[in-house]
Amino acid sequence: MDKKYTTLGEFIIQKQQDFDYSTGELSRLMNAIKLAAKRISNKVNKAGLVDVTGAYGSQNVQGEDQQKLDVLADEIFIQTLIDRDILCGIASEENDDYIAICDGNGSHNNKYVLLMDPLDGSSNIDVNVSVGTIFSIYRRVSAEGTPVTKEDFLQKGKLQVAAGYVIYGSSTMLVYTTGNGVNGFTLDPAIGTFYLSHPNMKITEGGAIYSINEGNYNQLEENVQKYIEYCRSDEDKKPYTARYIGSLVADVHRNILKGGIYMYPGTTKNPNGKLRLLYECNPLAFVIEQAGGKATDGKNNILDIEPTALHQRVPFYAGSKNMVDKLHEMLVL
Ligand code: P6P
């Protein structure tokens, strides 16, 4: 490596003074997420060799078959975070309810809560397709010293203190924001260090990639179908490129780097779509907006939605600003 790369640990310390890291709690939290990401990357990257692929044999609260790595990733994050006395609560896709955390002396003085999808797209592991972790961090709203309440988790996305994702792909990257832009760090597995490889990530306003499961086409509202036809058309532009990996973090990460729009609309079978507001759409919307893009549910900015339930789903349209604006134009026709 011929260029001085800042490590994630150095970056967190550098940023400590220009953010509310003053108590060091958020810094320690980001460092714990970094450690958990390395542990999961190690498991994902040898999934075919150790008994971590395939179904776990139970379903999560969504009624989805849990993969072994779903459960393992959830355990790794929870264990890593709880052991470090930095959170007062955790909510996860893999757990029906949130987990209230006592600090070292049995009280609840920590001030942050974390929501996560510990391993999104895990059904892709068996076929060696990129998967991801998505995380979202808030300050608690309940009184310090008391156990967390559901309200600590049901906060609007615009109140997030930090959010990001880890993509376990051809390389493992951690991408996050604390509201001052987006930065990406690539793991050097030989020495277990994340290096700043993508400083100040920005999504192009244009974009020419659309990402949607077109197998749902017949279940989509007419105006979304019209937008898909617009993407395919060559009337006033070249046809867009269709790219759908079927792994949310991978599709969103590609669109941030290359421009594009990701869509998971409501369908006749699932009017609110498939993606969860609190630990998938909100954190990704925060990152995408900080990178200069947009994220909506087809009407409202994702980050303005008032949550009502831990696992609620919302339609999700996110990516390059001009593409989301064009979609909105067509949705109100
Ligand atoms: P479909 C994975 O289960 C996931 O939550 C996202 O990672 C992915 O984008 C989406 O579901 C794929 O859903 O219905 O297109 O298979």
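The values are calculated or read from the model by the stated rules, or taken from the named source; none is laboratory data. What you are looking at is a predicted structure, and each value in this text was computed from that prediction instead of being measured. Every residue, glycine as well, gets a Cβ built from its backbone with ideal geometry; the counts of neighbours run over all protein chains shown. For the accessible areas, the whole protein counts, side chains as well, though only heavy atoms, and no ligand, DNA or RNA atoms are used. Shrake-Rupley method; radii C 1.70, N 1.55, O 1.52, S 1.80 Å.
The strands (runs of 3 or more DSSP E) falling completely within region 155-227 that include 2 or more residues that are over 16 Å from the mean Cα position of the chain (by Cα) map to 182-188, 193-198, 209-211.
Can you tell me which residue among LEU257, LEU248 is within 30 Å of ASN45 (Cα to Cα), in contact with an Asp or Glu (Cβ under 7 Å, 6 or more places away or on another chain) and not assigned by the TED database to the domain that holds ASN95? Talk me through it step by step, then tell me what you get.
Numbers: LEU257 fails: in contact with an Asp or Glu (Cβ under 7 Å, 6 or more places away or on another chain).
Matching residue, one of LEU257, LEU248: LEU248.
Take the conditions (1) buried (at least 16 other Cβ atoms within 10 Å of the Cβ); (2) farther than 19 Å from ASN95 by Cβ; (3) small (Gly, Ala, Ser); (4) touching a residue at least 24 places away in the same chain (Cβ under 8 Å); SER170 misses just one of them, which is (1). Scanning region 122-138 for residues that are open to solvent by less than 40 Å² (accessible area, probe 1.4 Å), over 16 Å from LYS43 (Cβ atoms) and not aromatic (Phe, Trp, Tyr) gives ILE134, SER136, ILE137.
So, in region 261-274, how many residues would count as being under 17 Å from the mean Cα position of the chain (by Cα) and surrounded by 23 or more Cβ atoms within 10 Å (Cβ to Cβ)?
The first filter runs over region 261-274 and keeps only residues under 17 Å from the mean Cα position of the chain (by Cα), leaving 261-264, 273-274.
After this cut, where a residue has to be surrounded by 23 or more Cβ atoms within 10 Å (Cβ to Cβ) as well, the list is 261-264.
Adding up the residues that qualify gives 4.
Among the residues of region 230-244, is there at least one that is more than 14 Å from the ligand (Cβ to nearest atom), closer than 28 Å to ARG39 by Cα and either crowded, with 16+ Cβ neighbours inside 10 Å or not assigned by the TED database to the domain that holds ARG313 (or both)? No, region 230-244 has no match at all. Residues that are in contact with a strand residue (DSSP E or B) (Cβ under 6 Å, 6 or more places away or on another chain) and of a type in the set (D, E, K, R) within region 95-117 comprise LYS111, ASP117, listed in sequence order. Report the residue count in region 94-121 for those that are open to solvent by 10 Å² or more (accessible area, probe 1.4 Å) and either within 21 Å of the chain's Cα centre (by Cα) or within 16 Å of the ligand (Cβ to nearest atom) (or both). Summing the residues that are open to solvent by 10 Å² or more (accessible area, probe 1.4 Å) and either within 21 Å of the chain's Cα centre (by Cα) or within 16 Å of the ligand (Cβ to nearest atom) (or both) in region 94-121 gives 8.
Enumerate the strands (runs of 3 or more DSSP E) found wholly within region 42-142, keeping only those where 3 or more residues are at pLDDT below 85. Quick ask: steps written out before the conclusion?
Working: elements: 55-59, 65-67, 89-92, 112-120, 131-139.
Per the criteria, 55-59, 65-67.
The set of residues in region 249-260 being in contact with a Gly (Cβ under 8 Å, 6 or more places away or on another chain) and open to solvent by 10 Å² or more (accessible area, probe 1.4 Å) consists of HIS253, ARG254, LYS258. Would you pick out the residues in region 302-333 that are open to solvent by 50 Å² or more (accessible area, probe 1.4 Å) and either of a type outside the set (A, V, I, L, M, F, W, C) or modelled with pLDDT of 95 or more (or both)? Passing the criteria: ASP304, GLU306, THR308, ARG313, LYS321, ASN322, LYS326, GLU329. Looking only at region 203-228, filter to residues that are of a type in the set (A, V, I, L, M) and over 20 Å from LEU284 (Cβ atoms); which one of those is nearest to the ligand (Cβ to nearest atom)? Only one residue fits best here, namely LEU220. Of the residues making up region 259-297, those that are away from the ligand (no atom under 14 Å from the Cβ) and without any contact (Cβ under 8 Å) to a residue 40 or more places away in the chain are PRO271, GLU289, LYS294, ALA295, THR296, ASP297.
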